[in-house]
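Q: Pasting a structure below so you can have a look.
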Amino acid sequence: MTAIWSIARTTLNEAIRRRVLLVILLIGILFLVIAPGLEALSPRQEITVLKSLTLGVIQLTSAVIAIVLTVYLIPNEIERRTIYTILSKPVLRWQFLVGKYLGAVLALGLMMALMTGALLLVFMIMQDTRDLATLGEMVRVPFMFFVQMSLLAAVAVFFSTFVSPIVNFFLAGGVYLVGTVFNSLFQVLSENKDINPLVKSAAGLVHAVIPNFQYFNVQNTAINPGQGIQSESLYYLQMTGYALFYIAALLAGAILIFDRREV
Amino acid sequence: MGLAIETRNLVKKYKTRKGSSITVVDNVDLQVEPGEIFGFLGPNGAGKTTTIKILLGIIYQTSGDAFILGKEAGDIAVHRELSYLPEKPYYYEHMTGLEVMQFYASLFGMKDIAKCKSLLERVNLGNDMNRPISQYSKGMQQRVGLAQSLLNDPKLLFLDEPTGGLDPIAHIEIRDLILQFREEGKTVFISSHELSDVERICDRVAIINKGAVVAQGRLEELLVGGRIEVTANNCTTELADSLRDSHNLVSINHGRMIVDIPDSKNPNDLVGAIAKAGGEIVSVIPRRKRLEDFFLEAVSGDNIAKGRHQPSMLEATETEETDS
């Protein structure tokens, strides 16, 4: 456990010093800060637009950070040969992989917490409120984004055990896109009795294998006050469990591949 | 007490994209005794680092057996008793020297900062331990590498090119440290191109070429015999050509010719032939066989070794050379 934690901490410390990640983070925070100034662009309700825009910025920035952070996680260690010194110690490969993943998730969490802090600051100023209940509602959305991005990071770590970073970038991005935008479509196709059985099976397979990232997009409840989720806490708990299941499966797959891989 | 390292018919093959396979390590048999400094030599691409990686369990052999301290290579329990300094080590640059030590110590479950500091002091980094690694010279980084390799007080150290690219002072410091390891009873397995270092500090060596071990044994046994170097001026190219087939012609340049003969031969015939052809003998110097000579003989089939020595079969060869 000490080894996993040490590797995670080192990964975190390295990640928060990576300039490319800091630039992406700064751009994200910059958009959050200037978002109130964009109200003139929309005739709709100012606060609705602002919520939609800022939460969208957090989601997009976090997704880019999650992918950029994790696609190089293992290849960098091999290229720089740091992995040789680490694996020559009493460290098992699964410990190394889990440590790297946890470090990446911690770094992701830290960066998302900074963006959420900026988001809350913007709303405190815009709405002139310090009401914790109101602000708490806003925090739930980034929390679910964090769960979503942790899952995305696991997808990228899985691919990083057998493809190059560039291929991984597009693969992980593709899985995120399909899982966010098209998963519901695949679900509908897989349940439709009137289509070709082959297409139906393929759609069912994609729906079953690719995690449904859409489950974690709960921003509508924050953006539109009229909308809500029944048994909200239970839903969040179930979705966290859903993500943890996929993360565990992806890491198990990654460990199986990485354990046999020549580094 | 058993062997520190033993490999039997160790083979590592890689598949190419075209589907054929390349043999990188070819039936390697190594025996390293406990407490000795063992030199593992070979030209670039000979299979040295691949063999070390197999021994460390970082990659897996295609066939054959590898044992470290009596256990199978890759056994995680053995990793508590060995250490590894890779060629051109890289450390997380945001860390200081002390943080690097603490990181590697934590991988053993150790939190002994005093030990980390004392090891850094031992490699003369006491005053620099709080500076970021990114500010360290190559020699300093190599010394951090050695310090981290001592954290677990290992019985066996793998050092891959430990003095490669270092300035003479750092070079000597690291060489002396390696000698200290032997005095402490540690087994040291060194892969190196620095033949003068290996000759000075190693008890036994193995030479690997194109994946196969072409020589292995104690240095004093391998370096038996020597040569006699005859240098003469005013030599013609005709004379040089007439000697080329029967002797080892090292060079002929502006009438100055250098010829080597084994020390088992009488140089008088050669000296007489040169004098008869009008050559002027400058020197006849017996030279002890050096590891460099032996190494060049051992890998003489390879391009880099052509020139100084004629190919010869080595009696010390224990494995068959194969095409790779």
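Q: Would you tally the residues in the range B:19-32 being open to solvent by 60 Å² or more (accessible area, probe 1.4 Å) and either aliphatic (A, V, I, L, M) or over 17 Å from residue B:215 (Cβ atoms) (or both)?
A: Residues flagged as open to solvent by 60 Å² or more (accessible area, probe 1.4 Å) and either aliphatic (A, V, I, L, M) or over 17 Å from residue B:215 (Cβ atoms) (or both) within the range B:19-32 amount to 3.
Q: Another question, then. Is it fair to say residue A:102 is open to solvent by 40 Å² or more (accessible area, probe 1.4 Å), within 30 Å of residue A:260 (Cβ to Cβ), within 14 Å of chain B (Cβ to nearest Cβ) and aliphatic (A, V, I, L, M)?
A: Taking the combined requirement at face value, the residue does not satisfy it.
Q: Just a yes or no: is a residue in the range B:195-203 more than 30 Å from residue B:54 (Cβ to Cβ) and of a type outside the set (S, T, N, Q)? Even if it seems obvious, please write down each step before you answer.
A: If we filter the range B:195-203 for residues that are more than 30 Å from residue B:54 (Cβ to Cβ), which is where we start, we get none.
For the range B:195-203, residues more than 30 Å from residue B:54 (Cβ to Cβ) and of a type outside the set (S, T, N, Q): absent.
Q: Can you pull out every residue in the range B:244-261 that is free of Cβ contacts under 8 Å to residues at least 12 places away in the same chain and charged (D, E, K, R)?
A: Once the filter is applied, which keeps residues that are free of Cβ contacts under 8 Å to residues at least 12 places away in the same chain and charged (D, E, K, R), the range B:244-261 yields B:244, B:245.
Residue by residue, here is whether (1) free of Cβ contacts under 8 Å to residues at least 40 places away in the same chain; (2) under 18 Å from the mean Cα position of the chain (by Cα); (3) within 14 Å of another protein chain (Cβ to nearest Cβ); (4) open to solvent by 40 Å² or more (accessible area, probe 1.4 Å) holds:
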| position | (1), (2), (3), (4) |
| --- | --- |
| A:11 | no, yes, yes, no |
| A:17 | yes, no, yes, yes |
| A:33 | no, no, no, yes |
| A:36 | no, no, no, no |
| A:60 | yes, yes, no, yes |
| A:63 | no, yes, no, no |
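Q: Here's another thing I want to ask about it. Taking the range A:77-88 only, how many residues are more than 9 Å from chain B (Cβ to nearest Cβ) and open to solvent by less than 10 Å² (accessible area, probe 1.4 Å)?
A: The total comes to 1.
Q: Filter the range B:236-261 down to the residues that are in a loop (DSSP other than H, G, I, E, B) and surrounded by 14 or more Cβ atoms within 10 Å (Cβ to Cβ) and list them by number.
A: If the condition is that a residue be in a loop (DSSP other than H, G, I, E, B) and surrounded by 14 or more Cβ atoms within 10 Å (Cβ to Cβ), then B:236, B:247, B:255 are the ones that fit.
Q: Step by step: first the residues of the range B:51-62, then only those that are open to solvent by less than 30 Å² (accessible area, probe 1.4 Å) and free of Cβ contacts under 8 Å to residues at least 40 places away in the same chain, then the one that is nearest to the other protein chains (Cβ to nearest Cβ). Which residue is that? I'd like the intermediate steps shown before the answer.
A: Going residue by residue through the range B:51-62, those that are open to solvent by less than 30 Å² (accessible area, probe 1.4 Å) are B:51-52, B:54-59.
Right, trim to free of Cβ contacts under 8 Å to residues at least 40 places away in the same chain and you get B:57-58.
Details: B:57: 7, B:58: 6 Å.
The extreme case among them is B:58.
Q: Among the helices (runs of 4 or more DSSP H) confined wholly to the range A:121-235, which include 1 or more residues that are among the basic types (Lys, Arg) and more than 24 Å from the chain's Cα centre (by Cα)?
A: In the range A:121-235, A:197-209 are the helices (runs of 4 or more DSSP H) which contain 1 or more residues that are among the basic types (Lys, Arg) and more than 24 Å from the chain's Cα centre (by Cα).
Q: I would also like to ask the following. Would you confirm, using the coordinates I've provided, whether residue A:195 is without any contact (Cβ under 8 Å) to a residue 12 or more places away in the chain and not polar (S, T, N, Q)?
A: Yes, satisfied.
Q: Out of the range B:177-194, which residues are modelled with pLDDT of 90 or more and not in a strand (DSSP E or B)?
A: The answer is B:178, B:179, B:180, B:181, B:182, B:183, B:184, B:185, B:186.
Q: Separate question: Taking interchain pairs and intrachain pairs at least six residues apart, which have beta carbon atoms under 9 angstrom, with the first residue in the range B:87-110 and more than 7 Å from chain A (Cβ to nearest Cβ) and within 14 Å of residue B:153 (Cα to Cα) and the second surrounded by fewer than 20 Cβ atoms within 10 Å (Cβ to Cβ) and acidic (Asp, Glu)?
A: Here the result reads B:105/B:112, each pair linking the range B:87-110 to a residue that is surrounded by fewer than 20 Cβ atoms within 10 Å (Cβ to Cβ) and acidic (Asp, Glu).
Q: Looking at the structure I just gave you, is residue A:208 open to solvent by 30 Å² or more (accessible area, probe 1.4 Å) and either away from every other protein chain (no Cβ under 14 Å) or at pLDDT 85 or above (or both)?
A: Yes.
Yes/no matrix, rows are residues, columns are (1) modelled with pLDDT of 95 or more; (2) surrounded by fewer than 23 Cβ atoms within 10 Å (Cβ to Cβ):
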{"site": "A:141", "(1), (2)": "no, no"}
{"site": "A:144", "(1), (2)": "no, yes"}
{"site": "A:154", "(1), (2)": "yes, no"}
{"site": "A:162", "(1), (2)": "no, yes"}
{"site": "A:180", "(1), (2)": "no, yes"}
{"site": "A:198", "(1), (2)": "no, yes"}
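Q: If a residue has to be more than 17 Å from the chain's Cα centre (by Cα) and either closer than 23 Å to residue B:102 by Cα or not aliphatic (A, V, I, L, M) (or both) to count, how many in the range B:150-176 make the cut?
A: Qualifying residue count for the region: 9.
Q: Right, another one. Of everything in the range B:135-170, what is away from every other protein chain (no Cβ under 14 Å), of a type outside the set (Phe, Trp, Tyr) and open to solvent by less than 30 Å² (accessible area, probe 1.4 Å)? Give them in sequence order.
A: Once the filter is applied, which keeps residues that are away from every other protein chain (no Cβ under 14 Å), of a type outside the set (Phe, Trp, Tyr) and open to solvent by less than 30 Å² (accessible area, probe 1.4 Å), the range B:135-170 yields B:139, B:140, B:163, B:166, B:170.
Q: So which of B:14, B:91 is outside any strand (DSSP E or B) and either of a type in the set (D, E, K, R) or more than 18 Å from the chain's Cα centre (by Cα) (or both)?
A: Result: B:91 is the single residue among B:14, B:91 that is outside any strand (DSSP E or B) and either of a type in the set (D, E, K, R) or more than 18 Å from the chain's Cα centre (by Cα) (or both).
Q: Which of the residues belonging to the range B:80-108 are in contact with a Lys or Arg (Cβ under 6 Å, 6 or more places away or on another chain) and surrounded by 22 or more Cβ atoms within 10 Å (Cβ to Cβ)?
A: Across the range B:80-108, the qualifying residues are B:86, B:107.
Q: Out of all the residues in the range B:22-32, is one or more within 18 Å of the chain's Cα centre (by Cα), within 23 Å of residue B:174 (Cα to Cα) and not aliphatic (A, V, I, L, M)?
A: no
Q: Hey, another quick one. Would you call residue A:91 facing chain B (nearest Cβ under 10 Å), touching a helix residue (DSSP H, G or I) at 6+ places or on another chain (Cβ under 7 Å) and of a type outside the set (Phe, Trp, Tyr)?
A: Answer is yes for this residue.
Q: Can you tell me which residue among A:91, A:105, A:71 is touching a Leu at 6+ places or on another chain (Cβ under 6 Å) and of a type outside the set (Gly, Ala, Ser)?
A: After applying the criteria, what remains is A:91.
Q: Collect the residues in the range B:63-84 that are under 13 Å from residue B:149 (Cα atoms) and more than 8 Å from chain A (Cβ to nearest Cβ), keeping them in residue-number order.
A: The one that is under 13 Å from residue B:149 (Cα atoms) and more than 8 Å from chain A (Cβ to nearest Cβ): B:81.
Q: Failed condition for residue B:130, given (1) within 13 Å of chain A (Cβ to nearest Cβ); (2) of a type in the set (S, T, N, Q); (3) in contact with a strand residue (DSSP E or B) (Cβ under 9 Å, 6 or more places away or on another chain), with all others met?
A: (1)
Q: Can you work out which of the residues in the range B:33-48 that are surrounded by fewer than 21 Cβ atoms within 10 Å (Cβ to Cβ) and not small (Gly, Ala, Ser) is modelled with the lowest pLDDT?
A: B:44
Q: Okay, next question. Give the residue, chosen from A:69, A:73, that is within 14 Å of chain B (Cβ to nearest Cβ) and either closer than 25 Å to residue A:216 by Cβ or buried (at least 21 other Cβ atoms within 10 Å of the Cβ) (or both).
A: Result: A:73 is the single residue among A:69, A:73 that is within 14 Å of chain B (Cβ to nearest Cβ) and either closer than 25 Å to residue A:216 by Cβ or buried (at least 21 other Cβ atoms within 10 Å of the Cβ) (or both).
Q: Something else now. Find all pairs meeting these conditions: Cβ atoms under 6 angstrom apart; at least six residues apart or on different chains; first residue within the range B:164-191 and without any contact (Cβ under 8 Å) to a residue 60 or more places away in the chain; second residue part of a loop (DSSP other than H, G, I, E, B).
A: Taking only residues 6 or more apart or on different chains, the pairs are B:171/B:163; B:174/B:162; B:174/B:163.
The values are calculated or read from the model by the stated rules, or taken from the named source; none is laboratory data. These numbers were taken from a predicted model, which means no experiment stands behind them. Every residue, glycine among them, receives a Cβ derived from its backbone with ideal geometry; neighbour counts consider all protein chains shown. Ligands, DNA and RNA are excluded from the accessible area calculation, which covers all protein heavy atoms including side chains. Shrake-Rupley method; radii C 1.70, N 1.55, O 1.52, S 1.80 Å.
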